[in-house]
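S.K.: Can you read through this structure? Questions will come right after.
The values are calculated or read from the model by the stated rules, or taken from the named source; none is laboratory data. As the structure is a computational prediction, the values presented were derived from the model and not from experiment. We place every Cβ from the backbone using ideal geometry, glycine too, and count neighbours over all the protein chains shown. To get the accessible areas, we keep the full protein, side chains included, count just its heavy atoms, and leave off ligands, DNA and RNA. Shrake-Rupley method; radii C 1.70, N 1.55, O 1.52, S 1.80 Å.
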Protein chains: 2
Amino acid sequence: MSKYAIAIHGGAGTILKSIMTPEKENQYTQGLKDAIEVGETILKNNGSSLAAVEAAVRSLENNPLFNAGRGAVFTNDGKNEMDASIMRGDTLEAGAVAGIKNVKNPISLARSIMEKSEHVLMCGEGAAKFAKSINTEFADDSYFFVQARFDQLQEAKKTDGVFLDHSGEANAEDNKQKFGTVGAVALDVQGTIAAATSTGGMTNKKFGRAGDSPIIGSGTYANNKTCAISCTGHGEFFIRAVVAYDISCLMEYKGLNLHDACYEVVNKKLVTFGGEGGLIAIDAKGNIDLSFNSEGMYRASKKEGEALFVGIYK
Amino acid sequence: MSKYAIAIHGGAGTILKSIMTPEKENQYTQGLKDAIEVGETILKNNGSSLAAVEAAVRSLENNPLFNAGRGAVFTNDGKNEMDASIMRGDTLEAGAVAGIKNVKNPISLARSIMEKSEHVLMCGEGAAKFAKSINTEFADDSYFFVQARFDQLQEAKKTDGVFLDHSGEANAEDNKQKFGTVGAVALDVQGTIAAATSTGGMTNKKFGRAGDSPIIGSGTYANNKTCAISCTGHGEFFIRAVVAYDISCLMEYKGLNLHDACYEVVNKKLVTFGGEGGLIAIDAKGNIDLSFNSEGMYRASKKEGEALFVGIYK
């Protein structure tokens, strides 16, 4: 049993070594290491898993490489609309926000919704009003302007495509198969687990579409009795399959362990269903699972007293 | 086994016979009967359970007595913001909308999102744009103006309360305990089940709050292998407990029957958790369960060849 442990992801999809430069690979690896370190420092100092997953996700949100926060992709009308959710496994309290604009760290807003309101989920302009009322940090459009993301939008508009991508360096066809979301799960020394997920959604998205990232039970779930989960993938399928809570139920009701439950959902059910993507999972004993059915998933994990793991490809 | 069957609800909460007039009781009973009849007519003529739940919910949305569609309660800024979701048990396809304004029948928009877009969930202004693009029927503010609802808002504003109510005739304190949502579940002669849920949310609500009604897995779920569920209750608790999918998992993974699974979640887990409300459930054999842990729930059900059941109190 690990006293503390943390795992993160930076999105899944068709991430092929053949189209990655060594420089790009180093940047992604460094971004993942930085996020793990921020979270681990909190856990090492007896901080809560909730604080650790929030901090790790903030680090990923602040990194323009990942499709969340600063690096959020552009919607059809040239905006950045973000979704996030967070949940703690001891009290089952949760917070989530959908379609928020200009908030620097949507994951912190999700935590504030959990802790400073009676609600779990807030959407759009109303959520922005709440954010202002509690002095959440906003950033103007220029902060969210990342040239590679803007180029992706122009590319997507050429074919009227809606891309679930998160990467700027590949071609449009390839981008279709990238699911840009970031997330973290952690166990703290008090024995509590937590999960957090944040995304910029789909390039060229219209109509206020939300995927699974702001949905408790689908994109995010945490329960000390079973597991904490953060998903990344084709959100529509993850919603219909209620992915995060499905893993929890397979453990609670069918007695599967963390690994077997993740394998059942990610590598069997979702494959049959057509839902490409992956997830990170942790249980209260510190077991970690990093499952995906796509070509790759940006991921990293660290258990107390063990070496850091960073992975990109299969 | 029933060839076809349907059940509906019009919200749960502190619905006491002592504060109900015979006239009001008759109106509610008639509203429930009307909605069942609309759905049953479709099922009797070999229509789909999807069409039946949509039609039954439209009937309830068009009735100002219920907190959905026309009878939607007012938000803090005097608007009507509605949420709805729908799911079919054969393909696990689903559609949902959150924070939509001026759409006459949000449940039909949810169905259109399922059938005419690549997405499951759309929010706010973006969802309205989609609705316009497919010629969804809109209605102006006057259609949604119901004096009793407006009076509720003024009452709520006096104390800055946020009411989960749905009824206009009782006092403010009582209103706090009413969960205004409508829903339907049905089995068709092809053996497919479906679920639909629609709500006007909370009186005096702020910040774009959404409850469980637009959340697949929490407020609505349907799977031919297990059950179709539509919930009504204190949405925040229903989201955190992933209520609808929990019942499905108890059936699929633990082997419980429909009734035992509903009892476990509504009368045990939710009671311990503090989540007041109820739900309607159906399985592919035509078994129906109408469970609630509150004082009452507006509800009705009809199985082929059996008498209509209508209930309000415990």
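S.K.: Give the lysines reachable from A:Lys44 as a straight Cα distance under 29 Å; neighbours fewer than 8 places away on the same chain don't count.
M.R.: Counting by Cα, and skipping residues close in sequence, A:Lys44 has these lysines nearby: A:Lys3, A:Lys33, A:Lys104, A:Lys116, A:Lys225, A:Lys285, A:Lys302, A:Lys303.
S.K.: Measuring with a 1.4 Å probe in the full set of protein chains, what accessible area per residue, in whole Å², belongs to the protein assembly as shown?
M.R.: Details: 21130 Å² over 628 residues.
So the protein assembly as shown comes to 34 Å² accessible per residue, rounded to a whole number.
S.K.: Nearest 100 Å², what total accessible surface is buried between chain A and chain B (probe 1.4 Å)?
M.R.: 3400
S.K.: Mind listing the phi-derived Karplus ³J(HN,Hα) values for the stretch B:92-103, rounded to whole Hz, using 6.51, -1.76 and 1.60 with θ = phi - 60°, and x for any glycine or proline?
M.R.: Calculated HN-Hα couplings, in order: 6, 6, 8, x, 7, 9, 10, x, 8, 10, 6, 8 Hz.
S.K.: Non-local amide H neighbours of B:Asp90 (under 5 Å, H modeled in plane, Pro and chain starts lacking H): which ones?
M.R.: B:Ile193, B:Asn224
S.K.: Tell me, what ³J(HN,Hα) does each residue in the stretch B:296-309 have, in order and in whole Hz, if you take phi through Karplus 6.51 cos²θ - 1.76 cosθ + 1.60 with θ = phi - 60° and put x for Gly and Pro?
M.R.: With the stated coefficients, the stretch B:296-309 comes to x, 8, 5, 7, 7, 8, 8, 10, 3, x, 10, 6, 5, 10 Hz.
S.K.: Quick one: grab the alpha carbon gyration tensor of chain B, order the square roots of its eigenvalues as a ≥ b ≥ c, and give me rounded if a/c is under 1.5, else prolate or oblate depending on whether a/b is larger than b/c.
M.R.: On the way: a/c = 1.43, a/b = 1.21, b/c = 1.18.
Verdict is rounded for chain B.
S.K.: Label-point separation (nm) for B:Asp77 and A:Asp140, each offset 7 Å from Cα along Cα-to-Cβ?
M.R.: 2.3
S.K.: Also: Where a Cα-Cα gap under 12 Å defines reach, which aspartates and glutamates qualify for B:Lys79, not counting those fewer than 8 residues away within the same chain?
M.R.: Within the straight-line cut-off, B:Lys79 pairs with B:Asp140, B:Asp141.
S.K.: Taking accessible area as the heavy-atom solvent-accessible surface of the protein chains with a 1.4 Å probe, which residues of the stretch A:94-135 lose no less than 50 Å² upon going from the isolated chain to the full protein assembly?
M.R.: A:His119, A:Val120, A:Leu121, A:Cys123
S.K.: Sticking with this one: Given points 7 Å out from each Cα along the Cα-Cβ axis, report the A:Glu23 to B:Gln190 separation in nanometres with one decimal.
M.R.: Here the answer is 5.6 nm between the modelled labels.
S.K.: Further question on the same structure: Looking only at B:Asn62, B:Asn26, B:Asn102, which one moves most when chain B is put into a Gaussian network model with springs between Cα atoms under 10 Å?
M.R.: Comparing B:Asn62, B:Asn26, B:Asn102 in the GNM, the peak value goes to B:Asn26.
S.K.: Now, a different point. Any aspartates and glutamates with Cα under 12 Å of the B:Lys268 Cα? List them, leaving off those in the same chain fewer than 8 positions away.
M.R.: Here the aspartates and glutamates satisfying the reach criterion relative to B:Lys268 are B:Asp260, B:Glu276.
S.K.: Further question: If you put a point 7 Å past Cα along the Cβ direction, how far is that point for B:Lys116 from the same point in each other copy, in nm, smallest first?
M.R.: The answer, with the shortest distance listed first, is 4.0 nm.
S.K.: Now a separate question. What residue among B:Gly183, B:Gly255, B:Gly277 has the largest mean-square fluctuation in a Gaussian network model of chain B, using Cα springs under 10 Å?
M.R.: So, out of B:Gly183, B:Gly255, B:Gly277, the one fluctuating most is B:Gly255.
S.K.: Okay, next question. Give the long-range amide H neighbours of A:Gly233: residues separated by 5 or more places, or on another chain, with amide H under 5 Å away, using H modelled in the peptide plane at 1.01 Å from N.
M.R.: A:Gly278
S.K.: Additional query: With the full set of protein chains in place, find how many percent of the accessible area of the protein assembly as shown is carbon and sulfur; take the probe as 1.4 Å.
M.R.: Numbers: 9980 of 21130 Å².
Roughly 47 percent of what the probe reaches on the protein assembly as shown is carbon or sulfur.
S.K.: Moving to a separate point now. Label position 7 Å from Cα toward Cβ: report the copy-to-copy distances for B:Glu23 in nm, one decimal, ordered from shortest.
M.R.: When each copy's label point is compared with this one, the spacings are 7.9 nm.
S.K.: Next question. Quick one: which residues, 5+ away or cross-chain, put their amide H under 5 Å from the amide H of A:Ala210? H built at 1.01 Å from N.
M.R.: Result for A:Ala210 returns B:Leu121, B:Met122, B:Cys123.
S.K.: Using 0.36 nm per residue of separation minus the Cα-Cα distance, give me the extension gain between B:Thr159 and B:Glu304 in nm, one decimal.
M.R.: Values: separation 145, 0.36 × 145 = 52.20 nm, distance 4.79 nm.
Net length gain for the segment: 47.4 nm.
S.K.: Under a point-charge model restricted to the Cβ atoms of Lys and Arg (+1) and Asp and Glu (-1), what is the dipole moment magnitude of the stretch A:188-279 relative to its Cα centre, in debye to the nearest 20? Each step should come with its number before you reach the end.
M.R.: On the way: 8 positive and 8 negative charges, 63 e Å.
Computed charge dipole of the stretch A:188-279: roughly 300 debye.
S.K.: With a cap of 14 neighbouring Cβ atoms within 10 Å, and only residues DSSP puts in a loop, list the GluC sites (Glu not before Pro) found in the stretch B:250-312.
M.R.: Numbers: sites: B:Glu252, B:Glu264, B:Glu276, B:Glu295, B:Glu304, B:Glu306; in loops: B:Glu276, B:Glu295, B:Glu304, B:Glu306.
Those that pass, being in a loop and sparsely packed, are B:Glu306.
S.K.: If you don't mind, there's one more thing I want to ask. How large is ³J(HN,Hα), in whole Hz, for each residue of the stretch A:114-129 in order, when computed from phi with the Karplus curve 6.51 cos²θ - 1.76 cosθ + 1.60 and θ = phi - 60°, using x for Gly and Pro?
M.R.: Karplus-based 3J(HN,Hα) across the stretch A:114-129 equals 5, 9, 10, 9, 7, 9, 9, 10, 10, 10, x, 4, x, 5, 5, 4 Hz.
S.K.: Label-to-label distances across copies for A:Thr159, with labels 7 Å out along Cα→Cβ, in nm, shortest first?
M.R.: For A:Thr159, the other copies' label points sit at 5.8 nm, shortest first.
S.K.: Please work out the C-alpha center-to-center distance from the stretch A:233-284 to the stretch A:1-74 and express it in whole Å.
M.R.: If we compute the Cα centre of each part, the gap is 21 Å.
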